[in-house]
Amino acid sequence: MPVTADLTKLVDKAYRDETLTEIVDAPVSALAGVSDGDAELLKHAFNITTVGELGRNPYFRTANALVALTSTK
C-alpha cells in the first residue's frame with residue numbers, strides 16, 4: 001500500500017522533491033528550522049551529520065520516548 005506524506009513544512013525547500021531515503025541521508029540542516037550553525041553544533045557534540053544519524057541517535061530517541069510516555073493526550 002503506497003503512503004504519501006506532505007514534507008513541505010518538515011524539510012527545507014531544496015529537499016522537498018527528494019525521496020525519503022535521500023532526506024534521511026541529507027545533512028541535518030535539510031530539516032526545516034535547523035541552521036548550518038545548529039548542524040555544526042550537533043556534529044561537534046554528538047558526531048551527527050545526517051538526518052538519519054539524528055533520528056537513530058540513542059540520546060534523542062530516549063528523550064523522545066520519555067516525552068511520549070509523559071504525554072497526557
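Quick notes
- One residue alone among GLY33, GLY37 is in a helix (DSSP H, G or I) and farther than 18 Å from ASN57 by Cα, and that residue is GLY37.
- When the stretch 1-26 is filtered for residues that are under 16 Å from VAL51 (Cβ atoms), acidic (Asp, Glu) and open to solvent by 100 Å² or more (accessible area, probe 1.4 Å), the ones remaining, listed by number, are ASP17, ASP25.
- Scanning the stretch 1-30 for residues that are of a type in the set (A, V, I, L, M, F, W, C) and part of a helix (DSSP H, G or I) yields a total of 6.
- Within the stretch 33-53, the set of residues being in contact with a strand residue (DSSP E or B) (Cβ under 7 Å, 6 or more places away or on another chain) and open to solvent by 50 Å² or more (accessible area, probe 1.4 Å) comprises THR49 only.
- Whenever a residue of the stretch 43-61 is on the phi < 0 side of the Ramachandran plot, its partners that are outside any helix (DSSP H, G or I) and open to solvent by 80 Å² or more (accessible area, probe 1.4 Å), lying with C-beta atoms within less than 6 angstrom and at least six residues away or across chains, give the pairs THR50/ASP25.
The values are calculated or read from the model by the stated rules, or taken from the named source; none is laboratory data. These figures come from a predicted structure and were not determined experimentally. Cβ sites come from the backbone with ideal geometry, for glycine too, and all protein chains shown count toward neighbours. Just so you know, the surface numbers come from the protein's heavy atoms only, side chains and all, with ligands and any DNA or RNA stripped out. Shrake-Rupley method; radii C 1.70, N 1.55, O 1.52, S 1.80 Å.
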